[in-house]
Amino acid sequence: MSSAPPDLSELYQQVILDHNRNPRNFKRVESANRKAEGNNPLCGDRIQLYVQLDGGGDTISDIGFQMPQGSGCAISKASASLMTEAVKGKRLRDAEEMFEAFRTMLAGGANAPGKLAAFSGVRAFPSRIKCANLAWHALHAALQGSAEPVTTESARDF
Amino acid sequence: MLDTARIRPDFPILARQENGQRLVYLDNAATSQKPRKVIDAIVHYYTFHNANVHRGAYALAVEATDAYEAARTTVARFVNAWAREGVVFTRGTTESINLVAASWGRTNVGRGDTVVVTAMDHHSNIVPWQILCQEKGATLRMVEITADGRIDLADFGRALEAKPKLVAFPYVSNSLGTVNPAAQLIKLAHAAGAVTVVDGAQSSPHLRVDVQVLDCDFYALSGHKMLAPMGSGALIAKPALLEAMPPYHGGGEMIERVWDDRSSWNKIPHKFEGGTPNVEAAVGLGAAIAYLEQLGMERVAAHEQELARIAVDRLSQIEGVTVYGPPDHRAGVVPFTYGDIHPHDLATILDKDGVCIRAGHHCTQPLMRRLGVAATARASFYIYNDLDDIDALVTAVRKAGELFGVPA
């Protein structure tokens, strides 16, 4: 049992509420050459991720995501939105490094860089960690070029 | 309404504080809390009477067997079973339905046959029939629901025109709270020549159930939603059907004689209870039923329906809140959404105030598709809930609106 109860404002930071309300890169990328679907079967969260790789397949030149109506909670939607902002224009290796940093943060490690640190509050809400990770697992799958939809149940979250 | 001030102290877990506030447990459709009498019955069983049942030649084993079989008698009385031999102990509703699908279904459903379920069924009353129909080349027909959350009787009638072998439906919907006209549906299904399976997971804890009045063929219930331990449950069936069915699990206890290459089967219900049973669960279920009978199931039902009525009324007053399910014939289940706040976020915010609700698809994805939502929030009531719990729910929902900037 933790001593001090976690505060809701730690979880729902302004940047998260903002990206939930106005998600960035909330679009289908018609020219995408990588796609992945992410599912959280426990709560029904679903994400479609579109990635366009250029520069010899090494740079994320465009990225977008869609969530079927009502199928994304604030945490999963904001996480997808901030993720797309963070990795757009980045090289694959840098994107995978961000994924690792994000995962490390949620597992109790150091904060991820930049705006991604807004999700540090999710650590105190274990039931929501999968929501924050969903988009990143989908990105990882898209970059690996795996055809199977990823689910938070088969993914390593901790 | 029930005297909750006298009931609440019977439930040790309700003394727990959540984030410094009293626990407001409104996820009873998922599982109920357990009264001291049920917890004590389990401890008492292991402290004084534990042995394997139906085997021992010594006094202790006889006591364990007596305790197990007494629980069977209690369950039989509780639902007015046709005979105590028609009560098979299972792990719960899911196993009960799987038993019917695997045993009766495999024997009686073949290529080209039809099995009917409804769009408001729980996955546990859909997936076993999907598996059966796929294996047998049979057709699974899903009956539609009306806009206000009832089984569409016109579509039910159309489904019966295919002369289905079996019709399965929930007595009470776990996602909507709808109390279905079970006796009427069963009569119609029988007239079409079908055998009927009633998912009683949500009715058994909340209504007086009389399977002989319903005249269903199979009735499945879960103990854990009605004060009893997890892993307790029963299949109640017409004995003649059980007699004619092949076994479900092979093993000890379910046999009469075992030769090198074949076996003969024990009498019902033991034919369906292969392996050492969960005696603790059966004993706990017996104690839970005794507790409920002391309150009276009519009063239990009236209490929950009143709480649901008030909760629907008060939640509906919040602008942006949509409550699902029928206006009447509703058990103590209140599903709702609030503006564009995802139910998962609602549940997290409510949890901060000690209010436990369920958020998600409630194991009813076909129903969610028809409602046009990915998920709902669901408050569900039981005998220990009171008006203070509804106050806490409504206050916490309003707070969520403020946090997410939903116009009040």
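Determine whether B:ARG370 is within 14 Å of chain A (Cβ to nearest Cβ), touching a residue at least 60 places away in the same chain (Cβ under 8 Å) and crowded, with 23+ Cβ neighbours inside 10 Å. Answer is no for this residue. Would you be able to tell me the number of residues in region A:61-83 that are out of contact with any helix residue (DSSP H, G or I) (no Cβ under 6 Å at 6 or more places or on another chain) and not in a loop (DSSP other than H, G, I, E, B)? The total comes to 4. Does B:GLY231 satisfy the criteria of being free of Cβ contacts under 8 Å to residues at least 40 places away in the same chain and either surrounded by fewer than 21 Cβ atoms within 10 Å (Cβ to Cβ) or not aliphatic (A, V, I, L, M) (or both)? In short, no. Can you find, within region A:27-38, the residue that is farthest from the other protein chains (Cβ to nearest Cβ) among those that are surrounded by fewer than 16 Cβ atoms within 10 Å (Cβ to Cβ) and not polar (S, T, N, Q)? Top of the filtered list is A:GLU30. A:GLY56 - would you say it is in a loop (DSSP other than H, G, I, E, B), away from every other protein chain (no Cβ under 11 Å) and touching a Ser or Thr at 6+ places or on another chain (Cβ under 9 Å)? Spelling it out, it is not the case that A:GLY56 is in a loop (DSSP other than H, G, I, E, B), away from every other protein chain (no Cβ under 11 Å) and touching a Ser or Thr at 6+ places or on another chain (Cβ under 9 Å). Does B:SER316 fit the bill of being polar (S, T, N, Q), surrounded by 20 or more Cβ atoms within 10 Å (Cβ to Cβ) and either in contact (Cβ under 8 Å) with a residue 40 or more places away in the chain or away from every other protein chain (no Cβ under 11 Å) (or both)? In short, no.
Of all the numbered requirements in (1) within 18 Å of B:ASN174 (Cβ to Cβ); (2) surrounded by fewer than 22 Cβ atoms within 10 Å (Cβ to Cβ); (3) within 12 Å of chain A (Cβ to nearest Cβ), B:THR376 misses one, and that requirement is (2).
Please state which one of B:GLU256, B:GLU280 is more than 19 Å from the chain's Cα centre (by Cα) and in contact (Cβ under 8 Å) with a residue 12 or more places away in the chain.
Matching residue, one of B:GLU256, B:GLU280: B:GLU280.
Take the conditions more than 23 Å from the chain's Cα centre (by Cα) and either of a type outside the set (Lys, Arg) or more than 10 Å from every other protein chain (Cβ to nearest Cβ) (or both) and apply them to B:ASP386. Does it pass? Answer is no for this residue.
Name every residue in region B:115-158 that is in contact with a Leu (Cβ under 7 Å, 6 or more places away or on another chain) and free of Cβ contacts under 8 Å to residues at least 24 places away in the same chain, in order of residue number. B:GLN130 - this is the single residue of region B:115-158 that is in contact with a Leu (Cβ under 7 Å, 6 or more places away or on another chain) and free of Cβ contacts under 8 Å to residues at least 24 places away in the same chain.
Among the residues of region A:129-141, are any closer than 17 Å to A:GLN14 by Cα, within 14 Å of another protein chain (Cβ to nearest Cβ) and surrounded by 15 or more Cβ atoms within 10 Å (Cβ to Cβ)?
yes
Restricting B:ASN80, B:ASN19 to those that are at pLDDT 95 or above and at positive phi reduces the list to B:ASN80. Take B:PRO277 and decide whether it is more than 14 Å from chain A (Cβ to nearest Cβ) and in contact with a helix residue (DSSP H, G or I) (Cβ under 8 Å, 6 or more places away or on another chain). The answer is yes for B:PRO277.
For A:ILE63, the stated conditions do not hold, so it cannot be described as within 20 Å of B:ILE349 (Cα to Cα) and buried (at least 19 other Cβ atoms within 10 Å of the Cβ). Answer yes or no: is there a residue in region A:3-10 that is of a type outside the set (A, V, I, L, M) and outside any loop (DSSP other than H, G, I, E, B). Checked against the condition, which is being of a type outside the set (A, V, I, L, M) and outside any loop (DSSP other than H, G, I, E, B), region A:3-10 yields at least one hit.
When the residues of region B:152-175 are filtered to those that are of a type in the set (A, V, I, L, M) and surrounded by fewer than 17 Cβ atoms within 10 Å (Cβ to Cβ), the one that is nearest to B:ASP113 (Cα to Cα) is B:ALA162.
Annotation note: of B:ILE310, B:ILE357, the sole residue that is surrounded by fewer than 23 Cβ atoms within 10 Å (Cβ to Cβ) and either within 14 Å of another protein chain (Cβ to nearest Cβ) or of a type outside the set (Asp, Glu) (or both) is B:ILE310.
Against the test of being out of contact with any strand residue (DSSP E or B) (no Cβ under 9 Å at 6 or more places or on another chain) and over 23 Å from A:GLN14 (Cα atoms), the options B:LEU315, B:LEU387, B:LEU367 yield a single qualifying residue, B:LEU387. As for region B:57-75, it holds no residue that is within 30 Å of B:ASP353 (Cα to Cα) and at pLDDT 95 or above.
For region B:66-86, the set of residues classified as more than 18 Å from the chain's Cα centre (by Cα) and of a type in the set (A, V, I, L, M, F, W, C) consists of B:ALA67, B:ALA70, B:ALA71, B:TRP82, B:ALA83, listed by residue number.
Checking each residue in region B:134-151 for being surrounded by fewer than 17 Cβ atoms within 10 Å (Cβ to Cβ) and either of a type in the set (D, E, K, R) or more than 18 Å from B:LEU367 (Cα to Cα) (or both) picks out B:GLN134, B:GLU135, B:GLY137, B:THR139, B:GLU144, B:ASP148. Against the definition (crowded, with 16+ Cβ neighbours inside 10 Å, modelled with pLDDT under 95, over 21 Å from A:LEU143 (Cβ atoms) and not acidic (Asp, Glu)), how does A:GLY121 come out, yes or no? Yes, satisfied. I'd like to check something: does region B:43-54 contain any residue that is under 22 Å from B:PRO205 (Cβ atoms), part of a loop (DSSP other than H, G, I, E, B) and not acidic (Asp, Glu)? No.
For B:ARG72, state whether it is assigned to a strand (DSSP E or B) and assigned by TED's automatic domain parsing to the domain that holds B:PHE48. Judged against the criteria, B:ARG72 is not a match. Taken over region B:181-205, the residue count meeting the criterion of being closer than 19 Å to B:SER222 by Cβ, among the small types (Gly, Ala, Ser) and either without any contact (Cβ under 8 Å) to a residue 40 or more places away in the chain or not assigned by TED's automatic domain parsing to the domain that holds B:HIS224 (or both) is 1.
Of the residues making up region B:37-52, just one is surrounded by 15 or more Cβ atoms within 10 Å (Cβ to Cβ) and among the charged types (D, E, K, R), namely B:LYS37. Residues B:THR322, B:THR348: which one is within 14 Å of chain A (Cβ to nearest Cβ), without any contact (Cβ under 8 Å) to a residue 12 or more places away in the chain and either in a strand (DSSP E or B) or among the β-branched types (Val, Ile, Thr) (or both)? Step by step, each of B:THR322, B:THR348 is checked, and only B:THR348 is within 14 Å of chain A (Cβ to nearest Cβ), without any contact (Cβ under 8 Å) to a residue 12 or more places away in the chain and either in a strand (DSSP E or B) or among the β-branched types (Val, Ile, Thr) (or both).
The values are calculated or read from the model by the stated rules, or taken from the named source; none is laboratory data. These numbers come from a predicted model, not from an experiment. Cβ coordinates were reconstructed from backbone atoms using ideal geometry, including for glycine residues, and neighbour counts include every protein chain displayed.
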